[in-house]
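K.L.:
Let me begin by handing over the structure; questions about it come next.
The values are calculated or read from the model by the stated rules, or taken from the named source; none is laboratory data. Keep in mind the model is a prediction, meaning the values are calculated, not measured. All Cβ positions, glycine included, derive from the backbone under ideal geometry; neighbour counts span all protein chains shown. Please note that ligands, DNA and RNA were not included when accessible areas were found on the heavy atoms of the full protein model with its side chains. Shrake-Rupley method; radii C 1.70, N 1.55, O 1.52, S 1.80 Å.
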Amino acid sequence: IVAINPGKQLGDTRNAQRKSDVNTILNALSQYSIDNNGTLPVGVSTTTTEICATGAASCTGLVDLTVLIPKYVVSIPTEPQGTTVNGAGYKVSKTSAGRIFVQAQFPEQGASISATR
């Protein structure tokens, strides 16, 4: 007998969306960097900081990536459960080696969702 656990299935679905969102942000930042001689948008630093959501009332304390819209991405992806007010629910930084790091802040079921390029 196979037990159906809708909570787990919904969490898995949201985690799949988070993985897709992390890759979308990473791809947009990578393409921006390529087009701008290795430069990343202002605000992307070695400090991991939450990304500002598209249309947020304020981006204070967040990384504003609106420079990516609409050329690299239609809008900044947001956390499937909308858990922050002005933030997208994803964090970004660059490593000391200059690589881009993007991570989901609120993965479910003990998952760790991030990508580096």
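K.L.:
Roughly how many Å² is the accessible area per residue of the chain, as a whole number, for a 1.4 Å probe? It would help to have the intermediate numbers written out before the result.
P.N.:
Working: 6570 Å² over 117 residues.
Solvent-accessible surface per residue comes out at 56 Å².
K.L.:
Take peptides 13-26, 49-62 and line them up by average Cβ neighbours within 10 Å, highest first, as a rough protection proxy. If you can, show how the numbers build up before the last one.
P.N.:
Numbers: 13-26: 18.1, 49-62: 16.3.
Most protected by this proxy first, the peptides run 13-26, 49-62.
K.L.:
If you fit an axis through the alpha-carbon atoms of helix 6-35 and take the longest principal axis of the Cα set of the chain, what angle between them do you get, 0 to 90°, nearest 10?
P.N.:
Long axis of 6-35 versus the principal axis of the chain: about 10 degrees.
K.L.:
Same structure, new question: Using only alpha carbons, build the gyration tensor for region 32-76 and give me the equivalent ellipsoid semi-axes, biggest first, whole Å.
P.N.:
Working: eigenvalues 64, 44, 8 Å².
One finds semi-axes of 18, 15, 7 Å for region 32-76.
K.L.:
If you roll a 1.4 Å probe over region 27-89 with all protein chains in place, what percent of the accessible area is carbon or sulfur? Kindly include the intermediate steps, with their values, before the conclusion.
P.N.:
Numbers: 1690 of 3330 Å².
Looking at region 27-89 in its full context, I get 51 percent from C and S.
K.L.:
Another one. Suppose every Lys and Arg Cβ carries +1 and every Asp and Glu Cβ carries -1, with no other charges. What dipole size does the chain come out with about its Cα centre, to the nearest 20 debye?
P.N.:
Roughly 220 debye for the chain.
K.L.:
Now for a different question. If each DSSP helix of 4+ residues adds -39,500 (n - 2.57) and the sum is divided by the residues in the chain, what number results at 222 nm, nearest 500 deg cm²/dmol?
P.N.:
Values: 1 runs with 30 residues, N = 117.
Calculated from helices alone, the mean residue ellipticity at 222 nm is -9500 deg cm²/dmol.
K.L.:
A further question follows. After finding the eigenvalues of the alpha carbon gyration tensor for the chain, what semi-axes result from the square roots of 5 times each, listed largest first in whole Å?
P.N.:
Value: 27, 15, 13 Å, ordered largest first.
K.L.:
Further, regarding this structure: Among THR116, SER58, THR24, flag the residue with its Cα farthest along the positive direction of the charge dipole of the chain, charges on Cβ as +1 for Lys/Arg and -1 for Asp/Glu.
P.N.:
Positive-most Cα among the choices belongs to THR116.
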